[in-house]
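Here's the structure, in structure tokens; my notes come after.
The values are calculated or read from the model by the stated rules, or taken from the named source; none is laboratory data. Bear in mind that the values here come from a model prediction, so they are computed numbers and not experimental data. We place every Cβ from the backbone using ideal geometry, glycine too, and count neighbours over all the protein chains shown. The protein model used for the area step is the full one, side chains on, heavy atoms only, and it has no ligands, DNA or RNA in it. Shrake-Rupley method; radii C 1.70, N 1.55, O 1.52, S 1.80 Å.
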Amino acid sequence: MTDVKDIRRFTLEELAAEFEKLGEPKFRGKQVYEWLWNKSARSFDEMSSLSKNLRSKLAETFALTPVSEHIVQKSKDGTVKLGMRLADDRLIEGVMIPDEDRNTACVSSQVGCSLACTFCATGFLKRERNLEVGEIYDQVVLLNKHALEHSGKPLTNIVYMGMGEPLLNYTNVMNSIRIINSPDGLNMAQKRITVSTSGIAKAIIRLADEGMKFNLALSLHAATNEKRDKIMDINHSNKLEDVMASLNYFYEKTGNKVTFEYILFDKFNDSLEDAEHLISLYHQVPAFINIIEYNSVEGVSDLKKAKSDKRDEFVNYLRNRNVNVKVRRSRGKDIDAACGQLANKN
Ligand code: SAH
Ligand code: SF4
């Protein structure tokens, strides 16, 4: 995109102003806004309530860059992984996870990721660029189609747990949540949206002040700085003390408990001493804990998933200490759609 502006970067007010500049009445801005979001039009040509003339004027003035389905893979557990193509031909992935009473979309926020956590397949792709608001939105729209196809029901939840670090694409991620939440968009409650972060303290403080109501998950995975430094580079510049302080601020401002995501790795963070460290963090911030099974990623790391008896011992230890803990089973492993396995293999 050179000097043509991505039309989905504008708020409704900004778009109305753009239309005035073009010598068009303001209400056309509202009309086009509806086509862009509510009706998720994929081209100006589709906007049949506009004159042909206006449609071609818009096409000359603005870029509209829809995401298209590239490859669809279906797991035997019903999980659908979508490989998607961006208008500049880059590829991203998203996942639709059906469950008894919910359909969850897992969306990407960046092409690749700059953070290179040692256990994550996405971290081994370099970060190419941030996704635009419209590109995040399109993933939800496409995954929603698969939810409807699979169960006759639309998406109930969205997690920003695909490729990329959402808080390093801060503005676009916030704006994507706003439009997903808006009646002009998908009208989905913020309570049903979860953003997962590797823990960027400054950005967490900033988002606490946004007055938004979505959920926040922290990819913790190790409960001391010493261990976390070894697997997550981001911990060198964002120490656990600072991250915990930012989460407390987030809780103060939003009243939302945070979820700690903790992958259990064999002989790395699965001892009862590790459990004690985790409990100590749990007492510092109002939180839930999700224990996650590690999905091995070929060629990426020496880390292995914890043995199941170790996992049970770890989880029981937490439960006996009244920790609110859930064990999250992994979905879509047979098609590399599980957490941390998104790497554009195809
Ligand atoms: N960058 C953000 C969001 C994307 S990762 C973050 O790191 O939070 C989504 C979740 O998958 C994170 O909790 C991440 O730590 C986890 N994850 C990464 N690789 C994984 C793997 N191989 N197995 C299980 N979970 C993994
Ligand atoms: Fe990036 Fe999250 Fe993967 Fe770390 S776990 S490399 S932050 S996507």
Looking only at residues that are polar (S, T, N, Q) and part of a strand (DSSP E or B) in region 180-209, which one is farthest from K239 (Cα to Cα)? T194
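Take the residues in region 107-120 that are under 22 Å from K305 (Cα atoms) and near ligand 1 (Cβ under 8 Å from one of its atoms); name whichever of them is surrounded by the most Cβ atoms within 10 Å (Cβ to Cβ). Break it down into steps so the answer makes sense when it comes.
Just the residues of region 107-120 that are under 22 Å from K305 (Cα atoms), to begin with: 115-120.
Pick out the ones that are also near ligand 1 (Cβ under 8 Å from one of its atoms) and you get 115, 117, 119-120.
Working: L115: 19, C117: 24, F119: 21, C120: 27.
Across region 107-120, the extreme among qualifying residues is C120.
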Failed item, numbered, when I177 is tested on (1) more than 16 Å from ligand 2 (Cβ to nearest atom); (2) within 18 Å of I71 (Cβ to Cβ); (3) in a helix (DSSP H, G or I): (2)
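Which ones in region 294-323 are closer than 12 Å to F265 by Cβ and aromatic (F, W, Y)? If you could, list the steps in order and put the result at the bottom.
Within region 294-323, the subset closer than 12 Å to F265 by Cβ is 294-296, 301-307, 310-311, 314.
Listed by number, the residues that qualify are Y294, F314.
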Among the candidates L148, L155, which residue alone is in contact with a strand residue (DSSP E or B) (Cβ under 6 Å, 6 or more places away or on another chain) and away from ligand 1 (no atom under 16 Å from the Cβ)? L155
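For every residue, the table says whether it meets (1) hydroxyl-bearing (S, T, Y); (2) more than 24 Å from A222 (Cα to Cα); (3) in a helix (DSSP H, G or I).
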| residue | (1), (2), (3) |
| --- | --- |
| D89 | no, yes, no |
| E93 | no, yes, no |
| E100 | no, yes, no |
| S114 | yes, no, no |
| F119 | no, no, no |
| D138 | no, yes, yes |
Which pairs do you get when a residue that is within 13 Å of N169 (Cβ to Cβ) and within 14 Å of ligand 1 (Cβ to nearest atom), found in region 121-139, comes within reach of a residue that is open to solvent by 30 Å² or more (accessible area, probe 1.4 Å) and of a type outside the set (A, V, I, L, M), reach meaning Cβ atoms under 7 angstrom, with the pair 6+ apart or on two chains? R127/S114; N130/N172; L131/N172; I136/N172
If you go through region 50-83 one residue at a time, how many are open to solvent by less than 60 Å² (accessible area, probe 1.4 Å), touching a strand residue (DSSP E or B) at 6+ places or on another chain (Cβ under 8 Å) and either among the basic types (K, R) or not in a strand (DSSP E or B) (or both)? 8
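Determine which member of the set C120, C106 is in contact with a strand residue (DSSP E or B) (Cβ under 6 Å, 6 or more places away or on another chain) and not aliphatic (A, V, I, L, M).
Values: C120 fails: in contact with a strand residue (DSSP E or B) (Cβ under 6 Å, 6 or more places away or on another chain).
Matching residue, one of C120, C106: C106.
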Could you list all residues from region 36-49 that are open to solvent by 60 Å² or more (accessible area, probe 1.4 Å) and part of a helix (DSSP H, G or I)? D45, E46
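Each row is one residue, and each column tells you yes or no for (1) more than 23 Å from Y160 (Cα to Cα); (2) away from ligand 2 (no atom under 16 Å from the Cβ).
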| position | (1), (2) |
| --- | --- |
| D229 | yes, no |
| V243 | no, no |
| Y249 | no, yes |
| Y262 | no, no |
| K267 | yes, yes |
| E273 | yes, yes |
| E293 | no, no |
